[in-house]
Amino acid sequence: MKTLLKTLLLTLIITLLFNCNSDDAKNQQPEGYYLETQIDNTDYTAKPETVLVDYYQDNGQFMTITATDYDFRQITMIVNLQNYTEGSGTYNQDTVNFVFSIQDSDNGVTNCQWSTLSGMGDAGTLTITEEDDTHVRGTFTFSAGMLFADGCLNTYNSSILITEGKFNAKKT
């Protein structure tokens, strides 16, 4: 009986340790440049070399955060810098246009695109947690409606939900 109780106690302790470790691992941030998220409950992991921050002017100043995965699916967040506080802050769809695109792997042409500007996406937040001369780090979540589809509606929904987004993007 004593051996059985010790075995059960040891099994319980090991189970608790492994469960805690898996939760901690999920919440840890990878090293280097990364962008990870869930798109309609499916994992999305960008190629590290594609996770970039860039700045441009077009009737205002904007910052773009982009990343592409191995299936040529791209996430883009376009931040209007008029309301941006460098280094930290949370911004919503009034300040950020969130875009998810699928490109043809042969020619790079965008076949499908969802955006918070479509009128079907109703929520989105981008939180910048850290910024310096080399990178921008943060989290994001958004829902977006399809802007256009070239044969994608048979495969994809007219709206998508992107959750649990986290990134560390290299400044170019």
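Residue check: is N168 surrounded by fewer than 17 Cβ atoms within 10 Å (Cβ to Cβ) and under 26 Å from G108 (Cβ atoms)?
no
Here is a yes/no grid of residues against (1) assigned to a strand (DSSP E or B); (2) under 19 Å from T172 (Cβ atoms); (3) in contact with a Pro (Cβ under 8 Å, 6 or more places away or on another chain):
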{"residue": "D43", "(1), (2), (3)": "yes, no, no"}
{"residue": "Y56", "(1), (2), (3)": "yes, yes, no"}
{"residue": "N59", "(1), (2), (3)": "no, no, no"}
{"residue": "I78", "(1), (2), (3)": "yes, yes, no"}
{"residue": "Q82", "(1), (2), (3)": "no, no, no"}
{"residue": "T85", "(1), (2), (3)": "no, no, no"}
{"residue": "Q113", "(1), (2), (3)": "yes, no, no"}
{"residue": "L117", "(1), (2), (3)": "no, no, no"}
{"residue": "S143", "(1), (2), (3)": "yes, no, no"}
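Looking only at segment 85-115, filter to residues that are among the aromatic types (F, W, Y) and in contact (Cβ under 8 Å) with a residue 40 or more places away in the chain; which one of those is nearest to I65 (Cα to Cα)?
Selected residue: F98.
Per-residue answers, yes or no, for (1) within 30 Å of E31 (Cβ to Cβ); (2) in contact with a Ser or Thr (Cβ under 7 Å, 6 or more places away or on another chain); (3) of a type in the set (F, W, Y):
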{"residue": "T76", "(1), (2), (3)": "yes, yes, no"}
{"residue": "G87", "(1), (2), (3)": "yes, no, no"}
{"residue": "D94", "(1), (2), (3)": "no, no, no"}
{"residue": "S115", "(1), (2), (3)": "no, no, no"}
{"residue": "T129", "(1), (2), (3)": "yes, yes, no"}
{"residue": "T134", "(1), (2), (3)": "yes, no, no"}
{"residue": "G138", "(1), (2), (3)": "yes, yes, no"}
{"residue": "F167", "(1), (2), (3)": "yes, no, yes"}
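Take the residues in segment 145-165 that are part of a loop (DSSP other than H, G, I, E, B) and either in contact with a Lys or Arg (Cβ under 7 Å, 6 or more places away or on another chain) or of a type in the set (S, T, Y) (or both), then tell me which one is surrounded by the most Cβ atoms within 10 Å (Cβ to Cβ).
Residue satisfying both the conditions and the ranking: Y156.
I'm trying to understand the selection: among the residues of segment 87-112, which are modelled with pLDDT under 80 and of a type in the set (G, A, S)?
Passing the criteria: G87, S105, G108.
The values are calculated or read from the model by the stated rules, or taken from the named source; none is laboratory data. Fair warning: this is a prediction, and the values are worked out from it, not measured in the lab. Here Cβ is always computed from backbone atoms with ideal geometry, including for glycine, and neighbour counts include all displayed protein chains.
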